[in-house]
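Encoded as structure tokens, here's the structure I'll be asking about.
The values are calculated or read from the model by the stated rules, or taken from the named source; none is laboratory data. Note that the structure is predicted; figures quoted are calculated from it, not measured. Here the Cβ positions follow ideal geometry from the backbone for every residue, glycine too, while neighbour counts run over all protein chains shown. Each accessible area value is taken on the protein alone, full model and side chains, heavy atoms only, with ligands, DNA and RNA left out. Shrake-Rupley method; radii C 1.70, N 1.55, O 1.52, S 1.80 Å.
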Amino acid sequence: MIEIKNLGKTFKTSFGTVKALDNINLTISDGEIFGIIGLSGAGKSTLVRCINLLERPTEGDVVLDGKSLTALSKKELLKVRQSIGMIFQGFNLLEQRNVLKNVCYPLEIAGVKKAEAEKKAKELIELVGLSDRILSYPSQLSGGQKQRVAIARALATNPKYILCDEATSALDPNTTQSILELLKQINKTMGVTIVVITHEMKVIEQICDRVAVIDNSKIAEFGKVSTVFSSPKSEIAKELILPKNNTNACITGKKSIRIVFDGEKSRRSVIADMILSTQVPVNIMFADTKDIDGIAYGHMILELPDDDVQAGKIFAYLDSNGISYEREV
């Protein structure tokens, strides 16, 4: 378990003091995939580097499995870091080493014998699907392949935790999907706790169990992904999940409602059933819904008839069927 307690981080610059993190409190449970999302400059990358003390907090503490990391000696901290793998946006592979040697590198540092290290590395390279590129150098690999090497390297010391700092932001959508599926597989089969830092909500939606939203160096909101996605409370979460530039463009000034999908079965035809039942036509002005494990999450904006009676039929149908909605106009 990772416990982040009253954590703060301040940087001194030529322009003055910058507060990168302010009183962060989070608990990340064993075996989960935990997401941390925020806009650029919000503090999320600083936070992930404080978790393994690559950045030492100015205030507060990080407790890993009951151990206070800030209280450890340098030697003890290096030992603990072997249980924390890290994956970076830029891959950070050693260009002069081939795939096998890159994955062996952390094992060499840990003092593992060459034969044992190579055996372990080959197993991990096979796990990430790169057995046919084992002697290739980074310059000969695609972005997705480089990230797979980085994942194998992060797993080399049998970590209990993996920290992913914008691990997919440099990849195309198809490659991103394959990397996310690989991370889910690793979490499920190896029981590794994964912390995902990203500015992309789609990454959080696809693999995370819970999410924390960080804004201006503070945690603005956190909870289950399904809850935060379907009903964001903070302004920054609404901005990330329900972008104003999309929703505003869909509202024409007539009666409009936003239907919130927060647990409907994804195959249920909610809108079609509503129209057939009420015999009231509506216009779908905007929709952003996701299927997460067979459940629909997201929202849809509908324009209703100006007639109060017809609009009332829609409200009555939604109320009687327990479908969440908000009146936009």
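A 18 angstrom limit on the alpha carbon distance is what I want to check against. Which of 12/79; 238/290; 9/44; 160/188; 9/238 exceed it?
12/79; 9/238, as the Cα separations exceed 18 Å there.
Which distance in Å, rounded to a whole number, links the C-alpha centroids of region 5-49 and region 150-168?
With region 5-49 and region 150-168 each reduced to a Cα centre, they are spaced 19 Å.
Let me ask something else. For residue 221, what charge total do you get from the other residues with a beta carbon under 13 Å from its beta carbon, if Lys and Arg give +1 and Asp and Glu give -1?
Spelling it out: positives minus negatives among the neighbours equals +2.
Taking the chain as a Gaussian network, where each spring joins two C-alpha atoms under 10 Å apart, which residue of 275, 194, 314 fluctuates the most?
275
Now for a different question. Out of 16, 191, 31, any idea which swings most in a Gaussian network model of the chain, alpha carbons joined below 10 Å?
16
Taking a 1.4 Å probe, which of 299, 199 shows the most accessible area, and what order do the others take after it?
Largest accessible area first, the residues go 199, 299.
Determine the relative contact order of the chain: mean sequence separation of Cα pairs under 8 Å and six or more apart, normalised by residue count, in whole percent.
Result for the chain is 18 percent.
While we're looking at this one, here's another question. Just add up the charged neighbours of residue 153: K/R +1, D/E -1, any other residue whose Cβ is under 12 Å from the Cβ of residue 153.
Details: positive: 97, 101, 120, 146, 148; negative: 108.
The answer is +4.
Just subtract the alpha-carbon distance of residue 268 and residue 11 from 0.36 nm times their residue separation and send over the number in nm, one decimal.
Net length gain for the segment: 87.4 nm.
For residue 101, go through the aspartates and glutamates and keep the ones whose alpha-carbon is under 19 Å away, minus same-chain ones fewer than eight residues off.
116, 118, 123, 126, 132
If you don't mind, another one. With a sphere of radius 11 Å drawn around the Cβ of residue 107, what net charge do the other residues whose Cβ falls strictly inside it have (Lys, Arg +1; Asp, Glu -1)?
Working: positive: 101, 113, 114, 119, 120, 153; negative: 108, 116, 118.
Its environment carries a net charge of +3.
Let me ask something else. Given axes a ≥ b ≥ c from the Cα gyration tensor, I'd like to know whether the chain is rounded (a/c under 1.5), prolate (a/b larger than b/c) or oblate.
Details: a/c = 2.64, a/b = 1.83, b/c = 1.44.
Prolate, because a/c is 1.5 or more and a/b exceeds b/c.
Over 22 Å between Cα atoms: which of 120/202; 202/224; 146/184 fall into that group?
120/202
Using each residue's phi in region 175-190, evaluate 6.51 cos²θ - 1.76 cosθ + 1.60 at θ = phi - 60° and report the 3J(HN,Hα) Karplus result to the nearest Hz, with x for Gly and Pro.
Per-residue couplings from phi come out as 5, 4, 4, 5, 5, 5, 5, 5, 5, 4, 5, 5, 4, 6, 8, 9 Hz.
For region 111-212, what is the accessible area per residue in Å², given a 1.4 Å probe and the full set of protein chains?
43
Order these peptides, 100-107, 114-121, by their mean beta-carbon neighbour count within 10 angstrom, highest first.
Result, highest mean first: 100-107, 114-121.
I would also like to ask the following. Over the chain, what percent of the accessible surface lies on carbon and sulfur atoms, probe 1.4 Å?
Ligands and nucleic acids excluded, carbon and sulfur reach 48 percent.
Right, next: Counting Lys and Arg as +1 and Asp and Glu as -1, each charge on the Cβ, what is the dipole of the chain about the Cα centre in debye, to the nearest 20?
Rounded to the nearest 20 debye, it is 1400 debye.
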